[in-house]
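Peer 1: Have a look at this one.
The values are calculated or read from the model by the stated rules, or taken from the named source; none is laboratory data. Keep in mind it's a predicted model, so treat the numbers as computed, not measured. With ideal geometry, Cβ positions are generated from the backbone for all residues, glycine too; neighbour counts draw on all protein chains shown.
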Amino acid sequence: MIGLCLGLAGAVWAQLSVSGFTLAWHHTIEKIRWEEDYRVTETGLLLQEARIRGSGAGMEIPADAWLQDSSWHYRPRLAPLQPLNLGRTPEAGDYFLCLTEGCQALSEWIGAPDARQPFIQLWACTVDAPLAN
């Protein structure tokens, strides 16, 4: 079954039996929340929709975005990502993975951000357990 792997350079640190998830974080300068909804597919992680609660430095709202529930929503047109590379340092704070049960920091699965390991990768992979959502 296809699911989500977290790790680096093909080394799996954690596996999640999910068919989709939301990745959330706060912009390091503006402190504005971003959210991206992904579907896990055999060809990679497909970004379906993104949301941002405001604009700021390097955070332009796309021209085709619409305002709903205090956030700007938009649908990026990207090929599936395989892998999705995430910068991750103690100074920037952690990312959150949101599943049907709620949101948890990545540190719940792989430990706290560490300056000696400043990034992580997420990718679609084969998992043994049944899908959660």
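Peer 1: Can Asp64 be described as modelled with pLDDT of 90 or more, over 23 Å from Val127 (Cα atoms) and touching a Pro at 6+ places or on another chain (Cβ under 6 Å)?
Peer 2: Answer is no for this residue.
Peer 1: May I pose another question? Condition (residue is crowded, with 16+ Cβ neighbours inside 10 Å and acidic (Asp, Glu)) applied to the stretch 112-133: is it met by at least one residue?
Peer 2: no
To keep it simple, each residue is scored yes or no on (1) touching an Asp or Glu at 6+ places or on another chain (Cβ under 9 Å); (2) at pLDDT 95 or above.
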{"site": "Asp37", "(1), (2)": "yes, yes"}
{"site": "Thr43", "(1), (2)": "no, yes"}
{"site": "Gly54", "(1), (2)": "yes, no"}
{"site": "His73", "(1), (2)": "yes, yes"}
{"site": "Arg88", "(1), (2)": "yes, no"}
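Peer 1: Here's another thing I want to ask about it. Does Leu78 qualify as being of a type outside the set (Phe, Trp, Tyr), in contact with a helix residue (DSSP H, G or I) (Cβ under 8 Å, 6 or more places away or on another chain) and at pLDDT 90 or above?
Peer 2: No; evaluated as a whole, the condition is false for this residue.
Peer 1: Tell me, which residue of the stretch 37-51 that is surrounded by 14 or more Cβ atoms within 10 Å (Cβ to Cβ) and touching a residue at least 40 places away in the same chain (Cβ under 8 Å) is nearest to the chain's Cα centre (by Cα)?
Peer 2: Tyr38
Peer 1: For the list (1) free of Cβ contacts under 8 Å to residues at least 24 places away in the same chain; (2) within 23 Å of Gly93 (Cβ to Cβ); (3) surrounded by 15 or more Cβ atoms within 10 Å (Cβ to Cβ), I need the number of the one condition that Ala65 fails.
Peer 2: Single failed check for Ala65: (2).
Peer 1: Do we find a residue being within 21 Å of Gly7 (Cα to Cα), surrounded by fewer than 14 Cβ atoms within 10 Å (Cβ to Cβ) and under 11 Å from the mean Cα position of the chain (by Cα) anywhere in the stretch 89-102?
Peer 2: no
Peer 1: How about the stretch 107-116: which of its residues are of a type outside the set (Val, Ile, Thr) and not in a loop (DSSP other than H, G, I, E, B)?
Peer 2: The answer is Ser107, Glu108, Trp109, Asp114.
Peer 1: Next question. Residues of the stretch 68-83 being buried (at least 17 other Cβ atoms within 10 Å of the Cβ), of a type in the set (A, V, I, L, M, F, W, C) and within 16 Å of the chain's Cα centre (by Cα), which ones?
Peer 2: If the condition is that a residue be buried (at least 17 other Cβ atoms within 10 Å of the Cβ), of a type in the set (A, V, I, L, M, F, W, C) and within 16 Å of the chain's Cα centre (by Cα), then Leu81 is the only one that fits.
Peer 1: For Ala124, state whether it is of a type in the set (A, V, I, L, M), assigned to a strand (DSSP E or B) and either more than 26 Å from Ile29 (Cα to Cα) or touching a helix residue (DSSP H, G or I) at 6+ places or on another chain (Cβ under 7 Å) (or both).
Peer 2: yes
Peer 1: In addition: Need pairs with beta-carbon distance below 7 Å; first residue at pLDDT 90 or above and within the stretch 96-125, second among the aromatic types (Phe, Trp, Tyr) and crowded, with 16+ Cβ neighbours inside 10 Å; sequence gap 6+ or separate chains.
Peer 2: Qualifying pairs under 7 Å: Phe96/Trp25; Leu97/Phe21; Cys98/Phe21; Leu99/Phe21; Cys103/Phe96; Gln104/Phe96; Ala105/Phe96; Leu106/Tyr95.
Peer 1: Here's a follow-up. How many residues are of a type in the set (Lys, Arg) and closer than 15 Å to Cys98 by Cα when one looks only at the stretch 12-48?
Peer 2: 2
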